[in-house]
Amino acid sequence: MPLVAENLHVRRGGRAIVENVSFRLEKGEALVVSGPNGAGKSTLLRALAGLLPLARGRFSLDGDADEVQSALHYIGHADGMKPALTAQENLAFWGAFLSTGAPGLDPRAALKAVGLGHVAEFPVAYLSAGQKRRVALARLLVARRPVWLLDEPTTALDVAAQANFADLMRAFRADGGMIVAATHAPLGLDDARTLRLEGARREMAA
Amino acid sequence: MRGPVSALLWRELTVARRLGGGGAMGVAFLLVLVTIVPFAIGPDLNLLSRIGPAILWIAALLAMLLGLDRLFQADAEDGTLDLMQLGATPLELVVLVKCLAHWLTTGLPIVAAAPFLGLMLAQEPEGVFGVGVSLLAGTPALTFIGAVGAAATVSLRRGGLLMALLVLPLCVPALIFGVSAANAAVGGTVPLTTPLAILGALTLGSAALCPIAAAALLRRLGE
């Protein structure tokens, strides 16, 4: 089931931010979106997640453009965690809210997978920036969805956590998952396709 | 494993309980307003008992709006609102559940406290009953209408005042029929059930329409 973007255009405030972006991912493939600050990486990912309207173009999974939103995970700049709830409670909520059909990991198991088993009972407010980020990444595991949209996923992560997340992504892709990641730092995605956004000029390399 | 809707309701109630403030603040605000009014009016018990229901309703209206501007703002700031659009649950239902949680944590304590505060305004037992029943029927409408204002001002740093300006005129029908229901309980030509039925209709109508409006506003947020 291919993930296909055809001629995507996104406008914000009357200005074209993303123009003519196309790509196609098969099962297990990953796409790394790179480019300087302000090139439109986050805008593109938000549009792919359905949070911004597409001015033109089509984004579909398996030919279906309507169901794509409920098939993807989005990791944005904000972590989407309530400071007053514990890491486990936050994940239990997202697991219940985002699950579609196939159940994901138990919140505790997901926290263990990102190396945070020991802080499961802590309110998120008391966690460090990197730990909060890892709780947000654990959300990818509590609900099973075939596409991950990752906007700078490794911000604030230490080297060990970055390697751990690279392993998680590898396992997800081996399982047939697809990843679109916007990043400045290398993510450890082997043989990922790349899409470079540069203001006006954009080209796609295999 | 919970369903998405009950998980959301549980989360909203837990966050409200842990953060505190919501319900207790509303009741305290109500108490302060009800306390200062007799100081302003003077020791005229007849006058107080006549305008008591109106004072309680205005105080309840203001107390309900207190903090309502944060209904979606916290979720918008921490990214929760984005993720909620990715769930299988329609955003309209999310808004409805959030309103329900807000009413349970803010509205219900006000409804429970208002009759007791009525005693401070020289209300007869029938009047206390009328205020309680009319608030129970009418305050959910205030939450739903307020949610539209909260959604419209979600991206504004100091949106609270603007929200009140937007929302207060829309709350006038609920205020009119709320006070007239409370007055009808004490006596008068109109039976209690007539204004109460209109209040119920306002609540049900706003429960049906306002989540749609608020969800539409929230979807436009990112643009």
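The values are calculated or read from the model by the stated rules, or taken from the named source; none is laboratory data. Note that the coordinates shown come from a computational prediction; the quantities given were computed from them, not determined experimentally. Don't worry about glycine lacking a Cβ; one is built from the backbone with ideal geometry, like all the others, and counts go over all protein chains shown. Just so you know, the surface numbers come from the protein's heavy atoms only, side chains and all, with ligands and any DNA or RNA stripped out. Shrake-Rupley method; radii C 1.70, N 1.55, O 1.52, S 1.80 Å.
A simple spin-label model places the labels of A:Ser34 and A:Asn7 2.9 nm from each other, with each point 7 Å out along Cα-to-Cβ.
P(r) for the protein assembly as shown, from all Cα pairs and a bin width of 10 Å, is 4, 20, 26, 21, 14, 9, 5, 2, 0 %, short bins first.
Taking amide H as placed 1.01 Å from N in the peptide plane, the amide H of A:Arg12 sits under 5 Å from that of A:Ile17, each at least 5 places away or on another chain. Separation of segment B:173-190 and segment A:29-100, taken as the distance between their Cα centroids, equals 50 angstrom. Run the paramagnetic zone check for B:Glu124: 7 angstrom along Cα to Cβ, then residues of segment B:171-207 with backbone nitrogen under 20 Å. Only B:178-196 pass the distance filter. With the cut-off at under 14 Å, measuring from each backbone N in segment B:137-154 to a point 7 Å along the Cα-to-Cβ line of B:Leu165 picks out B:153. Under the criterion of Cα pairs below 8 Å and six or more residues apart, the relative contact order for chain A equals 29 percent.
Distance between the 7 Å Cα→Cβ label points at A:Glu198 and B:Ser155: 3.1 nm.
Considering only B:Ala213, B:Ala147, B:Ala114, the mean-square fluctuation computed in a Gaussian network model of chain B, springs between alpha carbons under 10 angstrom, is largest for B:Ala213. The simple Förster model, with R0 at 22 Å and r as the Cβ-Cβ distance, assigns A:Ser70 and A:Ser128 a FRET efficiency of 0.10. Dimensions of segment B:88-211 from C-alpha coordinates, computed as largest minus smallest value along each principal axis and given longest first, are 47, 26, 24 Å.
Relative to one another, the C-alpha centroids of segment B:154-168 and segment B:21-91 are positioned 14 Å apart.
Take the Cα of A:Ala109, step 7 Å toward its Cβ, do the same at B:Ala24, and the gap between the two points is 4.0 nm.
Exposure check, 1.4 Å probe, all protein chains in place: B:Trp10 carries approximately 90 Å² of accessible surface. Summary value for segment B:47-122: 58 percent relative contact order, contacts being C-alpha pairs under 8 angstrom separated by 6+ residues. Note on B:Leu209 and A:His77: with the Förster distance fixed at 41 Å, the Cβ-Cβ geometry gives a FRET efficiency of about 0.75. Taking only the Cα atoms of chain A, the radius of gyration and Dmax are 16.6, 48 Å. In percent, rounded to a whole number, the relative contact order of chain B is 26, using alpha-carbon pairs under 8 Å and six or more apart. A viscosity of 0.692 mPa s and a temperature of 37 °C, combined with the Kirkwood radius over C-alpha pairs in the Stokes-Einstein formula, give segment B:1-151 a diffusion coefficient of 199 µm²/s. Dividing the summed -39500 (n - 2.57) terms of all DSSP H runs of n ≥ 4 by the residue count of chain B sets its mean residue ellipticity at 222 nm at -26000 deg cm²/dmol.
Amide hydrogen proximity for A:His73: with H placed 1.01 Å from N in the peptide plane, the residues at 5 or more positions away or on another chain lying under 5 Å are A:Val147, A:Trp148, A:Leu149.
The C-alpha atoms of chain B define a longest principal axis, and helix B:125-152 lies at about 30 degrees to it.
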